[in-house]
Amino acid sequence: MSAELAGFSVAKESGIRLNVDQVARINLTLAVGAATETIEVQARTALIETATGSIGQVVTAKQITELPLNGRNFMSLLFLGAGAVQTDGEQGSMRQGVGSAISLMGARPTSNNFMIDGTSNTDTALGTPAAVLSVDAMEEFKEQTKTYSAEYGFSANQINLVSKSGTNEYHGALFYFGRDDALDAKNFFDSPTAPKPPLDQKQFGGTISGPIIKNKTFLLLNYDGTRIDRGYSAFTTVPNPEELAGRFTRTIIDPVTGQPFPNNTIPSSRFSRLAQLVLRNGWYPAPNTDAPQGNYQYSRTLPQTQNQFTVRLDQDLGSFGRVFARYTRTNYENTAAGTLNEGIGDSLFVQKNTNWQVSHTWAIKNNVVNVFRLGRVEAEANQEGVACPQSDVDSLALTGVFTNIPDPQRGCPGVGIQGYAGVGGPVNDYTSSNQPMWDVSNTTTWITGDHTLTFGANYRRWWLQRDLANDFLGNFGGFNIGFTGSYVADFLLGYYGSNGVSVFQPGPFPVEGAVGNPREYNFMYFAPYIQDDWKVSSKLTLNLGLRYDYRNVPYETNDRMGWRNLDYAPGGLLVADEKLAPGGIVDGAYYQEAGRRTPDNPDRYKAFAPRISFAYRTSESGNTVIRGGYGIFYDSAEGREIDGAADIYPYVSRGSYQQTLNQAEPLQTTDQLFPSFTSGGVATPAMNTFLAVSMSPEPKNPYVQQWSLGVQRAITRTTSAEVNYVGSHGANLLMRIQVNQAFEYTPERPTVAERKPYPNFGVYIDSTWSGWSDYHALNATLTHRGRGLLASVAYTWAKSTDSKSAAAGIGANETAGWQGFLNNHDVARDHGLSSFDVAHRVVASFVWNLPFGKGERFGKDASGF
């Protein structure tokens, strides 16, 4: 940086390093002299922030590459900052390779906007990164938890990664990390005579960068690969072979006659078709231990593969600025054991994620800079299984199910007997998801006098493409009553119980030519903004901004969605698809024609987000700065929750069939499943055992108010301290509510069905924008940078409360996505500590360059190394 004025020498400061989104204050002193004279000094890193009230944590390239990272995943470094808490959630299980869910400053784990080089890299369904950038291709990143600049929005928190670029010098690096089981001990469940479960973990790759044309064109190539084969041992319980053959040592009752089977033996001719399939394929192995419980010991090895690739090309255009293009791809495969049977019982998670971007930076004038970005991100995630042989499918002779099911959607049926290991196919296969998004933004910065004006806009258009239809051949996990006196005998005869048999069936209006219920939701986001960083005086800087966050009400491409009808007392679904009315599905009782694609949200035009912050230097030296701010941030609302609004009858039915002792209806066996829906018919109460999921007819704009006040001081030239009070309040947060929960028992309404608010339906999940949250914290951070040591210590004292810690009820204390509140009719009583509430947290990290080698204290003149 240089400054010049007539009658003074040119002042120049070099070696200035700007971190991502950093506003650095550089004070230049002009000395009297000739303009041909230049006084140059070497800059030192600014330790404190004197120009904005924002709060964030920069993780530098040295920390990224030098700090130990299990799996070399940058997500672990997010926990270095104050206010970061690891929590349970769907993020780690449904999006592989991104680590666990993370809450920043009291916000939900889904409230994180991940970016690479300023464009979106967010899986909007879960709030995780899509393509994972290798740490060797990463220059730095910033975790912005209280950023009061109007330039940022879309979510409450921002995590902005900056990729490396090539330079005028050639650089290359190779790496290999290996780990095996040589030094591992056996665990408690390993057999003392069997070999140890294997472990073979390898990570390898490299980076090469340099000029294609000196001073003009630069290239960077990066590859990062992971191969893991992880074994484990376990004990489980399997049925006795004699019992599986129908021969029992106790009395077995025939539910047809009510009399015992002769000799306590069930004739094989009475075995259900499902039992015959299980026995014929040997899905239940014979016990290999003498223990009555845990009579089968086994070991498995599960593979995991990941490939990351990044290429970046930079071009200097001279007076027309600089342009770069980057392409990042991450492929991930992971095998998980779903049931006892290797192969057909395994789930294969396959992810293919891409992120590419073109960016142009142009200094139009000395005081005007324009940045244009165009990017696209895709987050494809599939859960697949091994296809069940068609001959096995035919032998089941199931009715009322999808036919001509292709690979890999044709998973084998799962089987579960109370007290024994599950066998057959895994639950919830097959599922697929993709979220292609276009991201376009333009930002112009204009410095005029004491004002730095930044204005621009961000436009995002994306689609959520989902098909969560699964268990097409049924999940028979409900042999748990003992109608015969034995769970195993129930299984052999096919008498399922109260745990039920679940299946994804075609409704009377299935999607033509499709297996399951593929759907595509449409989203649009447009956010213009203006920001004024005003230097009121040499000590005070005000940051004033206004952002307008417009989001459309999402709609399904083919109108296959619905929402709850609040005006019909027995309960009903408003169906957007007008084609259903002529078919007779809209009968005025269970379903009504909506007449429009989506519910109306009059508040979507009111999404103004003001931002204000300040930085006040208490003295001209600038060693102490008081900073604070307030802002409104409209949060990402939909996530994966909205897709349940299309997962509805009459296209498909999530069937669940149960039986109980002493029921009025005759017992059925699995050979009688599944009842078909009448084409063009309307569901009746007896058939409404499926799960109803809908959107609230009153969508709102979820938002978070954030505020902070703190002080930062440079203690020495290399050490700084910072103390902040931070707070936030969230409103209109998305929640799932089981609106059809039965009321308390009364003699007038003795049965559960009579006590349900909407007797036409079974379980009724409604996604409504009515949640709230509060967060208060005191953060203290001590940072040292200098003399080869980079170290920080962060302490957080916090309290986080909310009505619900995740839209789906996922969290440390909310373990099932379909679980709602203890009392869904009075959700305010569930207000309490968040699932991710942690009162006290301390995190410390350091990187110390040992004083040996070139340029260091010892061995600086040594050669040949």
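Leaving out same-chain residues fewer than 8 places away, which lysines sit with a Cα under 27 Å from that of K365?
Cross-link targets: K12, K164, K214, K216, K535.
Quick one: K606, K700, K799, K804, fewest Cβ neighbours within 10 Å first, how do they rank?
In order of increasing Cβ crowding within 10 Å: K606, K799, K700, K804.
Whole-Hz Karplus ³J(HN,Hα) for the range 219-233, in order, using 6.51 cos²θ - 1.76 cosθ + 1.60 and θ = phi - 60°, x for Gly and Pro?
Karplus-based 3J(HN,Hα) across the range 219-233 equals 10, 9, 10, 9, 9, 9, x, 9, 9, 10, 10, 10, x, 8, 10 Hz.
So what J values fall out for the range 508-523 if you push phi through Karplus, 6.51 cos²θ - 1.76 cosθ + 1.60 with θ = phi - 60°, rounded to Hz, Gly and Pro as x?
Karplus-based 3J(HN,Hα) across the range 508-523 equals x, 10, x, 5, 4, x, 10, 9, x, 9, x, 9, 9, 9, 10, 10 Hz.
The range 203-259: which trypsin sites (Lys or Arg not before Pro) are DSSP loop and have at most 13 other beta-carbon atoms within 10 angstrom?
Values: sites: K214, K216, R227, R230, R247, R250; in loops: K214, K216, R250.
Here the sparse-neighbourhood loop sites are K214, K216, R250.
Among the lysines, select those whose C-alpha is under 17 Å from the C-alpha of K186, and discard any that sit fewer than 8 residues away in the same chain.
Within the straight-line cut-off, K186 pairs with K196.
Distance between the C-alpha centers of the range 252-322 and the range 751-794? Whole Å please.
33 Å
Can you sort V162, V843 by how many other beta carbons sit within 10 Å, fewest first?
On the way: V162 19, V843 15.
Listing V162, V843 from fewest to most nearby Cβ atoms yields V843, V162.
222 nm [θ] for the chain, helices only, -39500 (n - 2.57) per DSSP H run of 4+, per residue, to 500?
On the way: 7 runs with 41 residues, N = 865.
So the calculated ellipticity at 222 nm is -1000 deg cm²/dmol.
Run the reach check for K756 against aspartates and glutamates, Cα to Cα strictly under 14 Å, same-chain hits fewer than 8 apart removed. What comes back?
Cross-link targets: E744, E748.
Using the Karplus curve 6.51 cos²θ - 1.76 cosθ + 1.60 with θ = phi - 60°, what ³J(HN,Hα) values do you get for each residue of the range 284-290, in whole Hz, with x for Gly and Pro?
9, x, 6, x, 10, 9, 8
Give, in nm to one decimal, the length gained when the segment between L174 and R749 is fully stretched (0.36 nm per residue of separation minus the Cα-Cα distance).
199.8 nm
Tell me, in nm to one decimal, what length is gained between V368 and Q276 on full extension, where the rule is 0.36 nm per residue of separation less the Cα-Cα distance?
Extra length available between V368 and Q276 comes to 25.4 nm.
Would you kindly state the longest site-free stretch of the chain, with sites defined as GluC sites (Glu not before Pro) in a DSSP loop (not H, G, I, E, B) surrounded by at most 16 other Cβ atoms within 10 Å?
So the longest stretch without any such site is 170-341.
For V838, enumerate residues with amide H under 5 Å from its amide H, sequence gap 5+ or separate chain, H modeled in the peptide plane.
It is S800, by chain and number.
Ratio of alpha-carbon Rg to the 2.2 N^0.38 Å globular estimate for the chain, to two decimals, please.
Working it through for the chain, the quotient is 1.09.
Read-outs: derived from the displayed coordinates by stated rules, not from any lab. Not measured: the values here are computed from a predicted model. Positions of Cβ are generated from backbone atoms using ideal geometry, with glycine treated the same way; all protein chains shown enter the neighbour counts.
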